[in-house]
Amino acid sequence: MTNTNRWARRSAAAVAAAGVTALVLAGCTTGGTEGGDDAAEGGTITVAVTNEVTSLNGSTPQGNLDTNGMVGYLTGTTGSSGGASLGGFYTLDEEFNIVHNDNIGTYEKTADDPLTVEYKLNDGLKWSDGEDITADDLLVGWAIGSGYYNDATLDEATGEPTSGTQYFQLAGSTDGLDTTAMPEISEDGLGLTLVYGEPFVDWELGNLLDKPAHVLAEQAGVTEEEFIQVLMDTPKGDPANPVEPNETLKAAADFWNTGYDFTSMPTDESLLVASGPFIMSDYTPNQSMTFSKNPEYTGEDVPAYDELVLRFVPDANAQVTALQNGEVNAIYPQASADTLTALENANQTVIEGDQLSYDHLDLNFGSEVFADANVREAFLKTIPRQQILESIITPINPSAEVLNSQIFVPANTEYTDAVAASGYDAYAEPDIEGAKELLAGATPTIRILYNTDNPNRVDSFQAIQASATEAGFIIEDAGSPDWSSLLPGGEYDASIFGWISPGAGNSALAQIFKTAGGGNYNKYSNAEVDEMVDAAQTELDPEALGQLKVQIDAATAADFYGLPLFQSPGLFATNGTVDGIEFFGNQTGIVWNAQDWTIAE
Amino acid sequence: MASFILRRIAVSVLILLAASFIMYVLAANSGDPLRDLRGGNPATEAQLIAARTAALDLDVPAPLRWFLWLGGAAQCLIPFANSCDLGLTLNNAEVATILPSAMLSTLQLVTVATLSAILLGVVVGIVTALRQYSGFDLTITFVSFFLFSLPSFLVAVLLKEFIAIGFNNFLQQGGAIPAVTVIVIAIVAGLIWQVLIGGPLRRRLTVFAISAVATGVVLGYMAVSEWFQNPGLGPVGILVGVAVVAIVTTLLVSGLGNRRALTTAGISAALAFVAYFALQGLFDISSVWTLLFVFLATVVVGLAIGWLLGGPDRGQSMRAGAITIGVSMVLVFLDRFMQSWPDYVNSSRINGRPIATIGSQTPGFNGDVWLTGIDSFTHLLLPTIALLLISFAQYTRYARAGLLEVLNQDYIRTARAKGLPERTVVMRHAFRNMLIPIATIVATDVGALLGGAVITERVFAISGMGNLFATSLGRTDLNPVMGYFLVIAIVAITFNFLADLAYAALDPRVRVR
Amino acid sequence: MSVNIQLGVPTQPEPEDRPDAVVGKSQGRLIFERFLQNRISVVSLVLFVLVIVFAFSATGFGPIPGWWKHSFTSLNAQAGAPSLSLWPFSLGDHPFGQNRIGVDYFALVMRGIQNSVIVMLVIGGLGTVVGTVIGAIAGYYRGWVDAVLMRITDVFIVIPAIVIGAVVGQTAGSSGLGVWVLSILLALVSWMSIARLVRAEFLSLREREFVEAARVAGASDMRIIFKHILPNAVGVVIVSATLLAASAILLETGLSYLGYGIRPPESSLGLLISDNQSAFSTRPWLYWWPALFIVGLALLVNFVGDGLRDAFDPRQKRFKRRKMREITDTVAKRS
């Protein structure tokens, strides 16, 4: 009895256990194998880049970072502040000439006085979510880029508006577009005409395709029609008479300002809406971002492969190893001689060129020691520019030359004229004797500010220190990792740092050379130069503009402004699995012709 | 006991608070969080600085700001409320949202490294102690000193250059092993085995010959049969494997003299062998949870067999059964992973070069549990090795020293004197006491490994917590630094706490007050 | 409750335990003799001192000029690869080669050794002093003093060395302070393990008869701590000081690698590796020279520490070969 009972209980327990097992197993199995990965037929190209993506809007101050710019370029919603893109009105070629992008539309200057520009979208264009791209979208792009509705008065010290409202926060400036009147939209709803209040040199950089109107409208809680009506009805902002902010406009602007920043794959798909050939399809934080083809894109820049993956690898060596190991197809590392040699030793294909940034030595016109022009000249005479170039740049780019202009790079046609006018080429080798003569026995103390975290700057400093000491200067090391915060302060006599130029446009002139310009850290002031800079901002004739810039270059050189040192080198590399990679020197970097790449057989 | 635990927890919380305060103030004063904004575009500079100051309360002095931070962090304690507020990064991202994904890869890395380091370190430490002053002992002593002295980034770079690229090249070139390499490996294996087995010269020679030849033949066969391209244990491999597992387990747990334990282990092994055939269909549709469940279920079965057959000394049989079947199932899983290996290697995203040098997964790679498992393995293999080598050295040293110390104790002499077999002396009496110091080391070592991960993650471009900490600190990005600190401090405190408990469990002299 | 048993550094053996005590030599003498018997450790100590003297004399220290012809800051005409040749032996102009911009690498490495050794010695020395004092006071007074000091220790021990080191290094670096400040700051966050060990030692030593005798004789607490107990705990202190020094050099290299340690234009071994890691496959000497010295210095210190440990506590060695053979035989018989 007891025996059978025990067995009965045991078998019941066994059956129960089996049942539970079956249930659990059913609950936690998958539907079946997918048989490996789901890589599509056309293949994937993976590129290692240095920095992370932080935002799908690279036009805001916090989003204005190089990799965000690449994303904007590929997906095509950069706006006038973000610049060239595959899904906007223009792109740049190798020489940084503006190329109108026929895939999206056309734009041209129809009158000089007043400056009038007509934009015309191609018929039948669609956003990646299937909505039509219309002149409404251009109007939104204009509203963002012109700052038309802003009536804020900004506090000089804090930047906080003391009155009024600042709607869209731009990394760039609203210069040029801020003089335009409310544009007119054409009958067919595809064209838009802009009339400038005064001539504007960079009118061609006015890319009016920004984030989609329907997405911003939705985020502001209104329909697209209502949103456009708000844009048309709201009067131009006047900082002198600030009014209550427009709620709809404010909501849309707030979303544009911060809503596109992300740290994980956005759940709201409207953020991803693209006009270019690529659309973001996947994102793993800190690791990679995947782009696939935009199904609605009708232009010619359709890639011959299915997916483009950007992998974020900060360390140049890790990039080289990963390339060598086939984990990535191409890399875009920080250029250094060792990276180059490592790539060559590993038999990888290296694509080199000059970047649109250059290191330069500026003399502080606010410091006492340089009040005397002779001291300035003497100091410049001691700078061993050729030696600096040879120790820093030549190992990476054997054909590199000393840069002899503050405004042009050798790729520009005006470069030769500029060098002839400025005479910077006379400063290639140090002239210690000449410097000693000018100093006439004086031993001025020079504090040099530079970034101690940047090896190139440290090397430049050491070379300058060694050479200037020979002529009798006493060089004090004022370098600091916090150099950038010390730069506007003026507690130094000379500074070594770099400017980065977007490649096209002339906004830098006023910033750097004009009295009290925003980037004029060395307190340079010359009334003649100020006048020329102002004239350049409204010069529509390219020829005359070039002449003006050559003159500005020469005038600053005559004041012993400082010396350009070298153009920073850049390099891409591939392990031969991708064809069509070509060098490009601005911040878009390696992906600038991603639409033309092919997977090698 | 309960009051002890409560008091311990209260003290831990106080320690955590004090440490976080120190960390907060130190990190806040380590640099300027606005540095990247200064000297930028002047039109937006002031505006950006104002915005960041407002978002991060930078106008509040650091010691006071700590209370603000604490207020947000305290909300993490509310269960299921999802109201965790660890502040924003400089890029306006919520720390509470970026931390979990970063935590995952770091904890994965550190857990695997810790477990392997303890296992390897203790085993090697015991062997070196039992074979004190042998060639093996001296070699390991030297190697561990060497590892102690090796910066981890150096190891990492070497692993990448030689192991990853070397092994991938080897695979791509068809997996042929040069005869010289086979012979060298065979001789080294022979040397190691003869030291481990020991005994008189003649026996050592025999052991050397047998193990060297066996190693050579197996390696040669693997090369010829392209095993590295299509790895797998196969039914024969599994059979041999489970048999060895059963015998070794019984040997260590109870000695082969205990027939009941041996039978239990044998049946468990046989069941695992049957499972190998029976479960292949289930494996094809498995998720991680299925595998976990299968594993636990088989261990329960092993325990049950031991309980049924154990007789008077049930504990030993149950242990033998559970360990045997557990390890055997691991072999079965391993075989299934190996079956998926060719699919993985030939997948279009891998292109025949499986061992990775960057990241913790292949972007966009999808597949079943086996393929993604392999993907994690190939990515985490090298960083884990780089991380574990240093603590491996430490465990070896401590295990060796600990066992030597214990073996000199009077009670061991007594145990030997009363004629207990050496296995019982070592496994029963010495081993347990040797583990006491190891328990304390684990607690401090976990902290050291979490710190070490900072460097390892940097070298391998893994976006874990360590990387988050290192980059954030460079920008004086306080909130992610504190988020990182919070996690590692909690882990460290927890492990210290567990070590104390383990201590009490292992050493009856330590009264838990 | 906190548990403090460290087997790697076992507790001080009682004098009467020691068979050689009957010879009548002083304890210090015995330890010294035992240390001398350990050839590897003696050789390591000698080598370690030689490397330090060599490095400090080569590039000079402070106002004292060194004997090496190149300075670690001046640029030379670029020649590149090391000119050192072992057979026939000749140094050449740049025995260790030159870095990217033509600075003599031998001078840089020697300067790096100097700074790394300074960090190591300051952390090892200052950290040991702080740890010993805190541990001694906590262990001697027990009660609330002990509780407070040990909780403070717990607070610092919660944060991994490299993490707090990075924070401290970042502070020292961004305020432009030099290697001395950096190493003193690092020392102030590296004393915890020694404090724990010394406390455990004091807890047991304070119960001994000789302490009781001193107390009865009317000695002050300070006198008992420093004259009576501390000399008996010196083994633990010295051994852990060497271990701390060995880990300090790795801490410094790790921090410099992450960019939170010593900063250019100063030089340190970790910084040199970090700067030149991209040169790993192209100009390997830039990588291997500092690596060699980091591993070498750490290895030497570890060996010295190991010798000291054996000298202070010879018990581990008493596990004799004969006995071991017995065990192996029994294992063999059984299996």
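Across q = 0.13 Å⁻¹, the stretch A:340-442 modelled as identical point scatterers on its alpha-carbon atoms has Debye log10 I(q)/I(0) values of -0.62, in the order of the q list.
Eigenvalues of the alpha-carbon gyration tensor of the stretch B:178-282, scaled by 5 and square-rooted, set the equivalent ellipsoid semi-axes at 29, 24, 7 angstrom, largest first. Roughly how many Å is it from the Cα centre of the stretch A:307-331 to that of the stretch A:534-571, as a whole number? After rounding, the separation between the Cα centres reads 38 Å.
Based on the alpha-carbon gyration tensor of chain B, what equivalent-ellipsoid semi-axes (square roots of 5 times the eigenvalues) come out, in whole Å, largest first?
Details: eigenvalues 404, 188, 115 Å².
The answer is 45, 31, 24 Å, longest axis first.
Computed as a quarter of the hull surface, the mean projected area of the alpha carbon convex hull for the protein assembly as shown stands at 62.8 nm².
Within chain B, helices built from complete DSSP H runs that reach 30 Å or longer along their own axis (Cα positions) and carry a mean Kyte-Doolittle hydropathy of 0.5 or higher are B:2-28, B:95-130, B:201-224, B:288-309, B:369-407, B:431-459, B:478-506. Net charge in the neighbourhood of A:Glu108 (other residues with Cβ under 10 Å of its Cβ; Lys, Arg +1, Asp, Glu -1) is 0. Projecting the Cα positions of A:Ile104, A:Thr258, C:Ala107 onto the charge dipole of the protein assembly as shown (unit charges on Cβ atoms of Lys, Arg, Asp and Glu, taken about the Cα centre) puts C:Ala107 furthest along the positive direction.
Pairing the Cα long axis of helix A:224-233 with the longest principal axis of chain A, what angle in degrees results, from 0 to 90 and rounded to the nearest 10? Value to nearest ten degrees: 30. Amide H to amide H distances under 5 Å link A:Ser568 with A:Gln355, A:Ser357, A:Tyr358, A:Asp359, where only residues 5 or more positions off or on other chains count and H is placed in the peptide plane.
The residues neighbouring B:Ser12, those whose beta-carbon lies less than 12 Å from its own, together hold a net charge of +1 under the Lys/Arg +1, Asp/Glu -1 convention. The charge dipole of the protein assembly as shown, taken about its Cα centre with unit charges on the Cβ atoms of Lys, Arg (+1), Asp and Glu (-1) only, comes to about 15240 debye.
All C-alpha to C-alpha distances of the stretch A:355-568, sorted into 5 Å bins beginning at zero, yield P(r) values of 1, 7, 15, 20, 21, 17, 11, 5, 1, 0 percent in whole numbers. One equal scatterer on each Cα of chain A, no solvent, Debye formula: the resulting log10 I(q)/I(0) at q = 0.06, 0.10, 0.11, 0.13 Å⁻¹ is -0.38, -0.96, -1.13, -1.44.
In terms of accessible area, using a 1.4 Å probe and ignoring ligands and nucleic acids, C:Ser193, A:Ser59 rank largest first as C:Ser193, A:Ser59. For the stretch A:355-568, the residue among A:Thr452, A:Gln537, A:Leu548 whose Cα projects farthest onto the positive side of the dipole built from Cβ charges is A:Thr452. For the stretch A:392-407, putting each phi into the Karplus relation 6.51 cos²θ - 1.76 cosθ + 1.60 with θ = phi - 60° gives couplings of 9, 9, 3, x, 8, 9, x, 8, 5, 10, 4, 7, 10, 8, 8, 10 Hz, in residue order, rounded to whole numbers and with x for Gly and Pro. Ligands, DNA and RNA aside, A:Arg447 has an accessible area near 70 Å² when probed at 1.4 Å.
So if R0 is 56 Å, what FRET efficiency would B:Leu420 and B:Glu161 give, r being the distance between their Cβ atoms, rounded to the nearest 0.05?
Numbers: r = 51 Å, r/R0 = 0.90.
Efficiency computed from Cβ-Cβ geometry: 0.65.
Keeping every protein chain present and rolling a 1.4 Å probe, give me the accessible area per residue for the stretch A:355-568 in Å². Before the final figure, lay out the partial values.
Values: 8160 Å² over 214 residues.
I get 38 Å² per residue for this part.
Shielding by partners for peptide B:26-33, expressed as the average number of C-beta atoms from other protein chains within 10 Å of each residue's C-beta, is 6.
Shown are A:Asp477, C:Asp146, whose ranking by accessible area with a 1.4 Å probe and every protein chain present, most to least, is A:Asp477, C:Asp146.
Hey, with R₀ at 41 Å, roughly what FRET efficiency would B:Arg202 and B:Asp313 work out to, going by the Cβ-Cβ distance, to 0.05?
Values: r = 37 Å, r/R0 = 0.90.
In this case the efficiency is close to 0.65.
Given R0 = 60 Å, the distance between the Cβ atoms of A:Asp93 and B:Leu334 translates into a calculated FRET efficiency of 0.60.
At a 1.4 Å probe radius, which order do C:Val148, A:Val320 fall into by accessible area, largest first?
On the way: C:Val148 75, A:Val320 10 Å².
In descending accessible area the options line up as C:Val148, A:Val320.
Proximity of backbone amide H atoms, modeled 1.01 Å from N, is registered between A:Asp282 and A:Thr290 at under 5 Å, excluding neighbours fewer than 5 places apart on the same chain. Here the contact order of chain B, divided by its residue count and restricted to Cα pairs under 8 Å and six or more residues apart, works out to 23 percent.
B:Asp343 sits with roughly 100 Å² accessible to a 1.4 Å probe, with DNA, RNA and ligands left out of the calculation.
Rolled with a 1.4 Å probe across the full set of protein chains, the surface gives A:Lys250 an accessible area near 60 Å².
Can you tell which of B:Phe495, B:Ala443, B:Tyr133 lies farthest toward the positive end of the dipole of chain B, using +1 and -1 charges on the Cβ of basic and acidic side chains (Lys, Arg; Asp, Glu)? Checked the options; the winner is B:Tyr133.
With all protein chains in place and a 1.4 Å probe, the accessible surface of the protein assembly as shown carries 61 percent carbon and sulfur.
What's the local net charge at B:Gln280, with K and R +1, D and E -1, over the other residues with C-beta under 11 Å away?
Details: positive: B:Arg336; negative: B:Asp284, B:Asp335.
Net local charge, B:Gln280 excluded: -1.
Building the convex hull from the alpha-carbon atoms of the stretch A:159-237 and averaging its projection over directions returns 6.8 nm².
By how many degrees, 0 to 90 and rounded to 10, does the Cα axis of helix A:2-27 deviate from the longest principal axis of chain A? Here the helix axis deviates by roughly 40 degrees. Output the 0 to 90 degree angle, nearest 10, between the alpha-carbon long axis of helix A:542-558 and the longest principal axis computed from the alpha carbons of chain A. Value to nearest ten degrees: 60. When all alpha carbon pairs of the stretch A:79-258 are counted in 10 Å bins from zero, the resulting P(r) reads 9, 38, 37, 14, 2 %.
The values are calculated or read from the model by the stated rules, or taken from the named source; none is laboratory data. Since the model is a prediction, treat every value here as computed from it, not as a measurement. Neighbour counts run over all protein chains shown; Cβ positions are idealised from the backbone, glycine included. In case anyone asks, the SASA skips ligands and DNA or RNA and just uses the protein heavy atoms, side chains included. Shrake-Rupley method; radii C 1.70, N 1.55, O 1.52, S 1.80 Å.
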